[in-house]
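Peer 1: Sharing a structure with you now.
Readers should treat all values here as calculations from the given coordinates under stated rules, not as data from a laboratory. Keep in mind that what you see is a predicted model, and the values were worked out from it rather than measured. Counting neighbours? That spans all protein chains shown, and the Cβs are built from the backbone with ideal geometry, glycine included.
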Amino acid sequence: MQIDSRGPRFNAAVTTFVLAVVLVTQNPWVLAAQAVVFALGAADASPYGFVFRRFVRPRLRPPAELEDAAPPRFAQIVGLGFALVGLIGFAAGITALALGATAAALLAAFLNAAFGFCLGCETYLLIRRLQPGRIK
């Protein structure tokens, strides 16, 4: 499946804001909501993606090119992992773990939103290249 590359960047911008709210408020419920968004994004049902497709993309020029949906979907799974670690930290009363995991996810989201550099996507591509039998 091919997607407009501006969609994941929009998602990353919203995610950056949400995760910044988590860091400032230390609210595990906001992080739990973002974890649900990550899970939905991994299943190609991101609410942020819906907002982008319905309200933002119609106001933009057509994309110059499309990209494979698999790397951004993998990035959503990685984000979900960090959010779950953060939630475990909050639940266990290990604030440093909760905030550290949230900060790592925030950094990745910010890099994508601001510079178009998707750490999860790059990790996906690296894993694919390292698989035995793959043409490099």
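Peer 1: Which residue, 110, 38, 50, has the most motion in a Gaussian network model of the chain that connects Cα atoms within less than 10 Å?
Peer 2: Per the Cα network of the chain with a 10 Å cutoff, 50 tops the list.
Peer 1: At 0.36 nm per residue, minus the direct Cα-Cα distance, what do residue 69 and residue 126 gain on full extension? Give it in nm, one decimal, please.
Peer 2: 19.0 nm
Peer 1: If you line up the Cα atoms of the stretch 1-109 on their principal axes, what length do they span on each, largest first, in Å?
Peer 2: 47, 23, 20
Peer 1: May I ask for the Kirkwood hydrodynamic radius of the stretch 56-120, worked out over all distinct Cα pairs and given in angstroms to one decimal?
Peer 2: 13.4
Peer 1: In addition: Give the angle, between 0 and 90 degrees and rounded to the nearest 10, that separates the Cα long axis of helix 28-42 from the longest principal axis of the Cα atoms of the chain.
Peer 2: 20
Peer 1: In addition: In the stretch 34-129, which GluC sites (Glu not before Pro) are in a loop and have at most 16 other Cβ atoms within 10 Å, using DSSP for the loop call?
Peer 2: Those satisfying the criteria are 65.
Peer 1: Towards the positive end of the charge dipole of the stretch 1-135, with charges on Cβ (+1 Lys, Arg; -1 Asp, Glu), say which of 5, 115, 39 has the farthest Cα.
Peer 2: Towards the positive end, the residue furthest out is 5.
Peer 1: On to the next question. Under a point-charge model restricted to the Cβ atoms of Lys and Arg (+1) and Asp and Glu (-1), what is the dipole moment magnitude of the chain relative to its Cα centre, in debye to the nearest 20?
Peer 2: Dipole magnitude for the chain comes out near 320 debye.
Peer 1: In a GNM of the chain with a 10 Å cut-off on Cα contacts, which of 93, 120, 41 has the highest mean-square fluctuation?
Peer 2: In the Gaussian network model the winner is 93.
Peer 1: For n ≥ 4 DSSP H runs only, could you compute -39500 (n - 2.57) per run for the chain, divide by its residues and tell me the 222 nm figure to the nearest 500?
Peer 2: -23500 deg cm²/dmol
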